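Worksheet: one structure, shown below.
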Amino acid sequence: MAFTLHKYYATINVTAAGEPLWNPPTQTLLWPTYFTMVTAIVTSIIAAVVLAAYYWSTEAADYIDDWRSLLIWLIFVLKFALEIATSSSMYTTGTHAPSDGPQSLWYQTCTATGDTVILFHFAININQFCSMQVAVHFCVVLIIEMGQYRCSP
């Protein structure tokens, strides 16, 4: 999601044939993207703590595991709630966005017409930008390939 936001801000003023790539900032919902990024960060931190404990020693991992077991349900509920809320927000803002109101980045890229994709091909691969946000299992994008905007099904 950080890459998505970076690409959005890098291309926010791009136009082609008098048509802007993105809706005006006042008509673009960014909170679903930020929310997804925060969810990923929290999940990564939880996983990193456990991995770091195993790096030091099994005893440290056992200690962390004992400590974590006290909070396991809280962490589980938090992680589950964040993932449900993220999925729901992406679905809601992506499939039911008003045609004349604020729209998420997901909606703007995943509902782009073929003409729009061709018009802005010099600045962004809209189809891949959509896939990066919602269809990870269909489109594997390695971090080292992001700069090349290649997508392999």
Q.
Need one number: nm distance between label points at ILE75 and ALA52, each 7 Å from Cα along Cα→Cβ, rounded to one decimal.
A. 1.2 nm
Q: Grab the other residues whose beta carbon is less than 14 angstrom from that of ALA40, score K and R as +1, D and E as -1, and report the net.
A: 0
Q: Compute the length gained on full extension between ALA123 and TYR34: take 0.36 nm times their separation in residues and subtract their Cα-Cα distance, giving the result in nm to one decimal.
A: 29.8 nm
(Q) If packing is taken as the average number of other Cβ atoms within 10 Å across a peptide's residues, how do 54-63, 118-127 rank, most packed first? (A) 118-127, 54-63
**Q.** Gain in span if fully extended, ALA60 to ASN13, counting 0.36 nm per residue against the direct Cα distance
**A.** 11.9 nm
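Every number in this text was worked out from the coordinates using simple rules, so none of it is lab data. Just so it is clear, the structure is predicted and the values come from calculations on it, not from any experiment. As a convention, Cβ positions derive from the backbone with ideal geometry for all residues, glycine included, and neighbour counts pool all protein chains shown.
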